[in-house]
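See structure below.
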Amino acid sequence: MSKSTAKPFSESKLLHADRRSNTEHGAVRKPLHVSATYAYPTAQALVDTFQGKQSGYVYSRQGNPTGAALEAQINMLEDSHSTCCFTTGMAAISGMMIALLRHGDHIICSQFLFGNTNSFMGTLSQLGVEVSFVDATDPQQVASAIRSDTRMVFVETIANPATQVAALAEIGQLCAQHAILYVVDSTMTTPVLLQSKNIGASLVIHSLSKGIGGHGNALGGSISDTGLFDWSTYSNIYPAYQKGDPAKWGITQIRKKGLRDMGATLRAEDAHRIATGLETLSLRIKATCDNALALATWLEQQPQIKRVYYPGLASHAQHERAAEVFSGLYGGLLSFELDDTIDCLAFLDRLQMVILSSHLSDTRTLAIPVARTIFWEMGPERRASMGIDDNLIRLSLGLENTNDLIDDFRQALA
Ligand SMILES: *Cc1c(COP(=O)(O)O)cnc(C)c1O
């Protein structure tokens, strides 16, 4: 039996979450609303909607009913009170940070980061936000980096590509003790492995382009507020947004400053595709995790493989933590190093079914040599600090038959 503290969401509630407010014409699925703007019967109603005295839509850059239905589904998944969607995961991360941070602030960030998030940290530094990178698998390192001007701790749950598992619960306790905003990028785990509220996250980020949409046919991002953080203590909230229930101050500022002013709005068409993918989230994630565990176990036994990184393996440095904090699944991503005598690119060329591509959490299995592609720009030193060997191959497992996958790797190694 798993010792997991994860409280799984209800698949049944998820499947019906978009119909809770109202349904149009009895439609079983939320329709695609493509109108850019919204009209009102009276001038007073238009004024009241603009001033937030009555709920409603004014212009689709700030939200639309198809996107709102997806936001309701994500709230259900994360047990959060509010969610704001963006056009990509990067738009969610950068929009949230620009909205909530100011020149002179300090933030603590895991050194094991998605490449473009790492690149954005460079932009933030240029704008006068000081970023301390720490090994987030070690809560001591996070504790020692905390200062009086620390505004935020940002971590990824399972890091890409070397699958380090951050000290998620311990960092949650530290942030609670010091009243610091705790932002967790849970793209690699999805709510099937982890409900981030259980480890103390204040804000939860998802790249909806990955597991949540799941079919590689739409980009999107989201930020959810779990309600654990007391925004009345956060000094960067503009007076205009210090109104009403403080629980909503943070997400309001993210929606106004991060989404409305910067304009990275999720298109209704993409919200609709992502919402359709979301309906099968549990089934897909369980299947890709099963494939990843089977392949990781098989690869680890092959003499031509030097090392396999997968949190589900007993050999993984944070295996026990992963068993404790996740729901008994370990994710659909693994990485491995080939023996030095094997040419990494030639090996990849011999794969017949597996697709050579970046991206992850697709229905199909994808492989990429990460040092020479997605982590190329950051240079050898930063790569070494993230545990990225020059020949490291990252695999994102899809929904193929497990034996077919193993056969493809067997013939490529032969
Ligand atoms: C892909 C990814 C992102 C960025 O998401 P996009 O939708 O591609 O912008 C952020 N964080 C993690 C962990 C990711 O895997």
Open item on the list: Need pairs with beta-carbon distance below 8 Å; first residue farther than 15 Å from P65 by Cα and within region 15-44, second at pLDDT 85 or above; sequence gap 6+ or separate chains.
Closed with: L15/E279; Y40/L46; Y40/T49; Y40/G56
Task: Residues that are within 16 Å of the ligand (Cβ to nearest atom) and either within 16 Å of I93 (Cα to Cα) or touching a Ser or Thr at 6+ places or on another chain (Cβ under 9 Å) (or both), drawn from region 217-253 - done: A218, L219, G220, G221, S222, I223, S224
Task: Residue satisfying all of: in region 98-131; touching a residue at least 40 places away in the same chain (Cβ under 8 Å) and in a helix (DSSP H, G or I); surrounded by the fewest Cβ atoms within 10 Å (Cβ to Cβ) among these - done: S119
Open item on the list: Conditions first: (1) away from the ligand (no atom under 12 Å from the Cβ); (2) of a type outside the set (D, E); (3) on the phi < 0 side of the Ramachandran plot. G128 passes all but one, so which condition is the exception?
Closed with: (3)
Task: Filtered residues of region 106-138 (kept if in contact with a Ser or Thr (Cβ under 8 Å, 6 or more places away or on another chain) and more than 30 Å from P369 (Cα to Cα)) - done: H106, I107
TODO: Mind listing just one residue for me: the one in region 182-194 that is within 19 Å of L100 (Cα to Cα) and either among the aromatic types (F, W, Y) or more than 8 Å from the ligand (Cβ to nearest atom) (or both) and, of those, surrounded by the most Cβ atoms within 10 Å (Cβ to Cβ)?
DONE: V184
TODO: Can you run down the residue pairs with Cβ atoms below 9 Å, 6 or more apart or on separate chains, where the first is in region 369-380 and among the acidic types (D, E) and the partner is part of a loop (DSSP other than H, G, I, E, B)?
DONE: none
Open item on the list: Residues that are within 16 Å of the ligand (Cβ to nearest atom) and closer than 29 Å to Q195 by Cβ, at least 3 per element: which strands (runs of 3 or more DSSP E) completely within region 261-373 meet that?
Closed with: 333-338
TODO: Go through (1) free of Cβ contacts under 8 Å to residues at least 40 places away in the same chain; (2) buried (at least 24 other Cβ atoms within 10 Å of the Cβ) one by one and return the number of the condition L259 breaks.
DONE: (1)
Task: Identity of the residue in region 64-81, closer than 16 Å to R260 by Cα and of a type in the set (G, A, S), that ends up nearest to the ligand (Cβ to nearest atom) - done: G67
Open item on the list: Among (1) in contact (Cβ under 8 Å) with a residue 24 or more places away in the chain; (2) closer than 30 Å to A99 by Cβ, there is one condition E279 misses while meeting the rest; what is its number?
Closed with: (2)
TODO: Would you tally the residues in region 195-216 being in a loop (DSSP other than H, G, I, E, B), on the phi < 0 side of the Ramachandran plot and away from the ligand (no atom under 13 Å from the Cβ)?
DONE: 4
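Conditions tested, residue by residue: (1) within 16 Å of the ligand (Cβ to nearest atom); (2) more than 22 Å from M378 (Cα to Cα); (3) in the same structural domain as A322 (by TED's automatic domain parsing).
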{"position": "M96", "(1), (2), (3)": "yes, yes, no"}
{"position": "C109", "(1), (2), (3)": "yes, no, no"}
{"position": "G115", "(1), (2), (3)": "yes, no, no"}
{"position": "G122", "(1), (2), (3)": "yes, no, no"}
{"position": "V134", "(1), (2), (3)": "no, no, no"}
Open item on the list: Considering only region 53-60, I want to know if a residue exists there that is crowded, with 20+ Cβ neighbours inside 10 Å and away from the ligand (no atom under 14 Å from the Cβ).
Closed with: yes
Open item on the list: Which of the numbered conditions does A159 fail, given that it passes all the others? Conditions: (1) within 15 Å of the ligand (Cβ to nearest atom); (2) of a type in the set (G, A, S); (3) more than 23 Å from A367 (Cβ to Cβ).
Closed with: (3)
TODO: Identify all residues within region 310-324 that are touching a residue at least 40 places away in the same chain (Cβ under 8 Å) and out of contact with any Lys or Arg (no Cβ under 9 Å at 6 or more places or on another chain); write none if there are none.
DONE: Y310, H316, A317, Q318, R321, A322
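The values are calculated or read from the model by the stated rules, or taken from the named source; none is laboratory data. Everything numeric here is computed off the predicted structure, so don't read it as measured data. Glycine gets a Cβ as well: all are built from the backbone with ideal geometry, and neighbour counts include every protein chain shown.
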